[in-house]
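First up is the structure itself, then whatever we jot down about it.
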Amino acid sequence: MTAGGPAETHVAAIVRRPRGDEASGVASPPPLSVYVHLPWCIRRCPYCDFNSHAVPDGDEVPERRYLDALRADLEAALPQVWGRTVQTIFIGGGTPSLFSPEAIDALLTTLRTLLPVAPGAEITMEANPGTFEAARFRAFRAAGVTRLSIGVQSFDDDALRRIGRVHDAAQARRAIETAAAHFESWNLDLMYALPGQSIDALRADLREALSFSPPHLSYYHLTLEPNTAFAMRPPVLPDDDTASEMQALIEDATQRAGLGHYEVSAYARPLHRCAHNLNYWQFGDYLGLGAGAHGKLSYHDRIVREARVRNPREYMRAALGETPQGPLASSHAVPARELPFEFALNALRLADGVPVAWFVERTGLPTTAIAATVERAVRRGLLEDDPTRLRATPLGARFLNDLQEMFLAD
């Protein structure tokens, strides 16, 4: 799968040279994706820094009202993406699988009615094994979801309790078996360097995950993010050396299982890379809909970052015209001097990197904007010495943060 593929190379189509905080634009926009945020979950995990909100006991997710708000939000945003084909759709959260299959079907119908969605577009939905029912997962597939991403995190019941998950390992196994029966492409979402996790425990998690022959595996290092319960009451995590050993173990086991390590935290079999995430990393565009959703849209004279109102109830009121404020909480043009770092922050996560021509196409800046930085990174052994491609060396991948920070504006 691909994220729709880049437009034809137009190296000479440079909109303007970067000057100070001046905005920049592109000659032709990159591929477009849509991200829809469904913010509710059963219980907020102590490590989670996403815009998620636990459903109070006895309450129900306000499906109908939220769908109406999403439609109103999209209708207001249509002029920004008019005529552009949507290559991928991603429904994230929160826990989107709390929504009924009927609601997901209605959401996808709205998107297809108002937007030109490419034939065969990848449509991904996140799912939590704690909301698992076999009939429900089958119905999501019938509604048009083509790819499921299952938030397993671990197969160790003690580890799951320590990180506050609402499901157990048995539920995770049943969810995976059902997903494999109904979806050609699906993802297991796991974490390592968990509180109290040993190398042997990580090895057991890996062994079980790979026993299901997943087409795609996402494996994230648990980090203590600000404003989370874990940040306020930090658990004891494996030290850096142990975490590094775990990372090496994951890379070795996935390679032997036939999963290519194509991005920092992503492993996939051929033709099963996540097209939606690839569009992010390749500096494509995405329209973000829903409470707290972020977006990036490119125009001939500017590249704009957007964010929606975070609180779900305030978002619904704003989108439905019940308050003077619309659903947008912020919208700003990215200054030209910040674009090299934003591009590097995404593109250098990819094992294959990206063509240098894409920097020109997708930022509107000339290659001279990064020439000195690239030369320094090549001298330090962090970037491949290839004038046609921006790609981290093995050393650069190991010290990726340092490499990316070299592209920060002075």
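Quick check on my filter: what residues within the stretch 141-158 are surrounded by 19 or more Cβ atoms within 10 Å (Cβ to Cβ) and in contact with a Leu (Cβ under 7 Å, 6 or more places away or on another chain)? Listed by number, the residues that qualify are Ala143, Ile150, Val152, Gln153, Ser154. Within the stretch 395-410, residues that are on the phi < 0 side of the Ramachandran plot sit with their Cβ atoms under 7 Å from residues that are loosely packed, with under 15 Cβ neighbours inside 10 Å and part of a helix (DSSP H, G or I), at 6+ positions apart or across chains, in these pairs: Met406/Arg376. Taking the conditions (1) at pLDDT 90 or above; (2) more than 28 Å from Phe343 (Cα to Cα); (3) within 23 Å of the chain's Cα centre (by Cα) in turn, Glu102 satisfies each one other than (3). In this structure, Ala291 does not qualify as without any contact (Cβ under 8 Å) to a residue 60 or more places away in the chain, of a type in the set (A, V, I, L, M, F, W, C) and farther than 18 Å from Asn346 by Cα. In the set Ala139, Ala118, Ala135, only one residue is touching a residue at least 40 places away in the same chain (Cβ under 8 Å) and in the same structural domain as Val55 (by TED's automatic domain parsing); that residue is Ala118.
Checked against the criteria, Tyr267 does not count as under 27 Å from Pro29 (Cβ atoms) and either surrounded by 19 or more Cβ atoms within 10 Å (Cβ to Cβ) or assigned by TED's automatic domain parsing to the domain that holds Ile163 (or both). The sole residue among Val304, Val236, Val334 that is touching a residue at least 12 places away in the same chain (Cβ under 8 Å) and over 29 Å from Glu361 (Cβ atoms) is Val236. Within the stretch 142-173, being more than 20 Å from His37 (Cα to Cα), in contact (Cβ under 8 Å) with a residue 40 or more places away in the chain and assigned to a helix (DSSP H, G or I) holds for Ala142, Ala159, Arg162, Gln171, Ala172.
Of the helices (runs of 4 or more DSSP H) entirely within the stretch 245-361, those holding at least 1 residues that are in contact with a Pro (Cβ under 7 Å, 6 or more places away or on another chain) and either more than 24 Å from Leu206 (Cβ to Cβ) or aromatic (Phe, Trp, Tyr) (or both) occupy 275-281, 312-319. Does the stretch 49-57 include one or more residues that are modelled with pLDDT of 85 or more and part of a helix (DSSP H, G or I)? Checked against the condition, which is being modelled with pLDDT of 85 or more and part of a helix (DSSP H, G or I), the stretch 49-57 yields no hits at all.
The values are calculated or read from the model by the stated rules, or taken from the named source; none is laboratory data. Everything numeric in this text was worked out from a predicted model, so none of it was measured. Don't worry about glycine lacking a Cβ; one is built from the backbone with ideal geometry, like all the others, and counts go over all protein chains shown.
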